[in-house]
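Notes follow the structure.
The values are calculated or read from the model by the stated rules, or taken from the named source; none is laboratory data. Here the structure is a predicted model, which is why all the values come from computation and not from measurement. Note: ideal-geometry Cβ built from the backbone for every residue, glycine included; neighbour counts use all protein chains shown.
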Amino acid sequence: MAKAKLFIITGPSGAGKTTIAQEILKKEKSITKVITCTTRAIRKGEKDGVDYKFFTKEEFEKFIRKDMLLEKALVYDNYYGSLRDDVEKIMESGKSVLFVVDVQGAMTIKAKFRGAVDIFVKAPTLEELRKRIEKRKKDSKEVIAQRMQTAREELELENEFGFVVINDDLKKSILEVKKIIQNALS
């Protein structure tokens, strides 16, 4: 049996990383997504334990104090992170692990797992990214401005990643990421 691998899909908010990851997970049964923990409010259509694991700020800070997180980040005033036990259980089962995280979390994971396959997903332009974020209709103008500023900062780090996928055509981008993963698994 092939050794379990660690995959990271990252990029700015609105780049399409979650959509791409969902499609990859439908087809690649040897990979399991780490369900990220967060303190942000649950959004319409999300399910606790499926999309995210939702915790209070106090619960999350307890995870931090007890060193239970493999990686963590404070993003837009909310904590995000991955429980160490969740990752270890997946890898012990022989499955590969997929992280879908912001750039800050990806950099932490890359530092801890030198062999991780890291994929940076980005929109073709900042204007297209803004349109995607606005299309969600869930953020205020202030939050959109904050997301765009963060995206500019994150884009400066794209060369830190092994693969960069420009998500200008979703089907093409899914195939590109799938090929990167399949090559790493073979």
- request: Scan segment 102-123 for residues that are modelled with pLDDT under 90, part of a loop (DSSP other than H, G, I, E, B) and buried (at least 16 other Cβ atoms within 10 Å of the Cβ) and jot them down.
  value: D102, F113
query: So which pairs qualify, if the first residue must be in segment 60-74 and closer than 20 Å to K110 by Cβ and touching a residue at least 12 places away in the same chain (Cβ under 8 Å), the second must be surrounded by 13 or more Cβ atoms within 10 Å (Cβ to Cβ) and among the acidic types (D, E), the Cβ gap must be under 7 Å, and the two must be at least 6 apart or on different chains?
result: A73/D102
query: Of the residues that sit in segment 49-91 and are within 18 Å of the chain's Cα centre (by Cα), surrounded by 13 or more Cβ atoms within 10 Å (Cβ to Cβ) and among the acidic types (D, E), which one is nearest to K141 (Cα to Cα)?
result: D51
- line: Of (1) within 25 Å of K171 (Cβ to Cβ); (2) touching a Gly at 6+ places or on another chain (Cβ under 6 Å); (3) of a type outside the set (V, I, T), C37 satisfies every one except (1)
query: With respect to R147, is the statement that it is part of a helix (DSSP H, G or I), touching a residue at least 12 places away in the same chain (Cβ under 8 Å) and more than 17 Å from the chain's Cα centre (by Cα) true?
result: no
message: Return the residues of segment 32-48 that are in a loop (DSSP other than H, G, I, E, B) and over 20 Å from F7 (Cα atoms); say none if nothing qualifies.
response: T39, R40, A41, I42, R43, K44, G45, E46, K47
message: What pairs come out if I take residues in segment 166-186 that are part of a helix (DSSP H, G or I) and pair them with residues that are of a type in the set (S, T, N, Q) and surrounded by 19 or more Cβ atoms within 10 Å (Cβ to Cβ) whose C-beta lies under 8 Å away, six or more apart or interchain?
response: S173/N167; L185/S96
query: Checking G45 against (1) in contact with a Phe, Trp or Tyr (Cβ under 8 Å, 6 or more places away or on another chain); (2) loosely packed, with under 13 Cβ neighbours inside 10 Å; (3) small (G, A, S), which single condition isn't satisfied?
result: (1)
